[in-house]
1. Being within 22 Å of residue A:268 (Cβ to Cβ), away from every other protein chain (no Cβ under 14 Å) and in contact with a strand residue (DSSP E or B) (Cβ under 9 Å, 6 or more places away or on another chain) is the requirement here; does residue A:455 meet it?
2. When residues of the range A:171-200 are filtered for being surrounded by fewer than 24 Cβ atoms within 10 Å (Cβ to Cβ) and closer than 21 Å to residue A:116 by Cβ, how many remain?
3. Test residue B:86 against the stated conditions and say whether it is assigned to a loop (DSSP other than H, G, I, E, B) and at pLDDT below 90.
4. Report, by residue number, each residue of the range B:40-64 that is more than 9 Å from chain A (Cβ to nearest Cβ) and either surrounded by 13 or more Cβ atoms within 10 Å (Cβ to Cβ) or farther than 30 Å from residue A:378 by Cβ (or both).
5. Please go through (1) free of Cβ contacts under 8 Å to residues at least 60 places away in the same chain; (2) over 26 Å from residue A:414 (Cα atoms) for residue A:310 and return the number of the only condition it doesn't satisfy.
6. Take residue A:401 and decide whether it is surrounded by fewer than 16 Cβ atoms within 10 Å (Cβ to Cβ) and more than 9 Å from every other protein chain (Cβ to nearest Cβ).
7. Residue by residue through the range A:284-312, note down the ones that are more than 14 Å from every other protein chain (Cβ to nearest Cβ), farther than 19 Å from residue A:450 by Cα and surrounded by fewer than 15 Cβ atoms within 10 Å (Cβ to Cβ).
């Protein structure tokens, strides 16, 4: 698909604010918006496979309810009539929630993710579930048990992962925004690969209730959008303490939509370790050009070294499999749909259901996790990794005493070809630039900043724990520069 | 590998065992770099938000997911009981 074509697709929708305004004025109905979204999906999804299923019936029903309320003069919320798509590891009514795994095929959510509830309370309508790597294990959607999402810029390339479906949906103009999750880069990297904005909020800012757990100490829910303004609005709606998730933190008292950070005097640190070996030269230079734009706009830009970030990947691939091996133990063939029929004993039912239901990557990670937590290995692997994690956290904290934001690329390369990273380690190395922000729980944004060989590249902007508004503001400045 | 499979309640084919052994040996080789990282006097970080003991009142509230909805999803049930294979 040509660059100009894509750009027109991603402008298929006005800004969220404008959509809401027309819906409230009666210029367009919620039902019109749902029909539009479903039509675009029907037209483009067969090629790109970003969506696993559409929630036609429920979406149309909710749209009619909202339209009725508007006709009656009632206020329906800040996202009145806005259609969106949720990654299929989020519990949503109206269809299956599979996490793109055979293990959950047929599972119907008994409640909804808090993030989805909050969006619906403001009048937004979920029209479909997006493809992902099964259980969010991956960086390309190649680990989905059902299909591979194609990159909107080149169908022979991946859309990224694990929120590849969500990113592609927004780039292709299916909907104005999509929800994704980010455990080690899963919102940022597909955003970078698909040329959209992807924000990984501070850990705990958005409730994880109703989201299939991967690594409980790094999982975050965030939005994929075509603009910073839209991303901030979605964050403002979904963020904040939730009784159902004890790890949630207080949100800012100021709305996240108030993006008023000035560039003048802003201290920007270029992370030296993020431009080293393994990072494609053109990616580095594209990102540096965008950073130069910040300097030209008045920011004070310097290089800074955070040596422990070089250990981030090893720490991540010890800690995350450990946590997910625990979280996936609930899939035992007894409680959720996939269950091997006619087994002889409980033990056999556990083992066979799990072996048949899980894909190769899930099994690989469960085995890694089980090993690093097992007696005799726990100290050398898991405990050591979590202690090196402390070093990473402290290095970030020290850097943020001097700098307002830290920047670098999101991914070492632009979108790779389907099948190119078949070796597990090659795939894990894709995450090298994004995992550390997840381990520290700090906010991190991917904002499109240019192209390499016609493929989008994102700039990563990180800041201290809780500084989401700052990150989004700086992102908006970059957006203005690159437009 | 077989012990790990047993602990994770996974049954692996011979082909899978060979494949995972090879891959895991490479992956764990990558982890060896952490052995030389100096972490004296540092405590592990198990969670980053520094929240401790977030409590709420022990009062039942009506929830969207009531027990009957959850029971409907079970692969095998007997009334309000989950039905499982023999254990011994």
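The values are calculated or read from the model by the stated rules, or taken from the named source; none is laboratory data. Note that the structure is a prediction, hence the values are computed from the model and not measured. Note that we place each Cβ from the backbone using ideal geometry, even for glycine, and neighbour counts take in every protein chain shown.
1. Details: within 22 Å of residue A:268 (Cβ to Cβ): no; away from every other protein chain (no Cβ under 14 Å): yes; in contact with a strand residue (DSSP E or B) (Cβ under 9 Å, 6 or more places away or on another chain): yes.
Criteria not met by residue A:455.
2. As a first pass, look at the range A:171-200 and keep what is surrounded by fewer than 24 Cβ atoms within 10 Å (Cβ to Cβ): A:173.
From what's left, closer than 21 Å to residue A:116 by Cβ: none.
So the answer is 0.
3. Working: assigned to a loop (DSSP other than H, G, I, E, B): yes; at pLDDT below 90: yes.
Considered against the rule, which asks whether it is assigned to a loop (DSSP other than H, G, I, E, B) and at pLDDT below 90, residue B:86 comes out as yes.
4. Within the range B:40-64, B:57, B:58, B:59, B:60, B:62 meet the criteria.
5. Among (1) free of Cβ contacts under 8 Å to residues at least 60 places away in the same chain; (2) over 26 Å from residue A:414 (Cα atoms), the lone unmet condition for residue A:310 is (2).
6. Numbers: surrounded by fewer than 16 Cβ atoms within 10 Å (Cβ to Cβ): yes; more than 9 Å from every other protein chain (Cβ to nearest Cβ): yes.
Spelling it out, residue A:401 is indeed surrounded by fewer than 16 Cβ atoms within 10 Å (Cβ to Cβ) and more than 9 Å from every other protein chain (Cβ to nearest Cβ).
7. Here is the first cut: in the range A:284-312, the residues more than 14 Å from every other protein chain (Cβ to nearest Cβ) are A:284-305.
If we keep only those that are farther than 19 Å from residue A:450 by Cα as well, we get A:298-305.
Correct list: A:298, A:302, A:303, A:305.
Residues checked against (1) surrounded by fewer than 20 Cβ atoms within 10 Å (Cβ to Cβ); (2) without any contact (Cβ under 8 Å) to a residue 60 or more places away in the chain; (3) assigned to a loop (DSSP other than H, G, I, E, B):
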{"site": "A:33", "(1), (2), (3)": "no, no, no"}
{"site": "A:45", "(1), (2), (3)": "no, no, no"}
{"site": "A:64", "(1), (2), (3)": "yes, yes, no"}
{"site": "A:75", "(1), (2), (3)": "yes, yes, yes"}
{"site": "A:84", "(1), (2), (3)": "no, no, no"}
{"site": "A:92", "(1), (2), (3)": "no, yes, yes"}
{"site": "A:112", "(1), (2), (3)": "no, no, yes"}
{"site": "A:116", "(1), (2), (3)": "no, no, no"}
{"site": "A:119", "(1), (2), (3)": "no, no, no"}
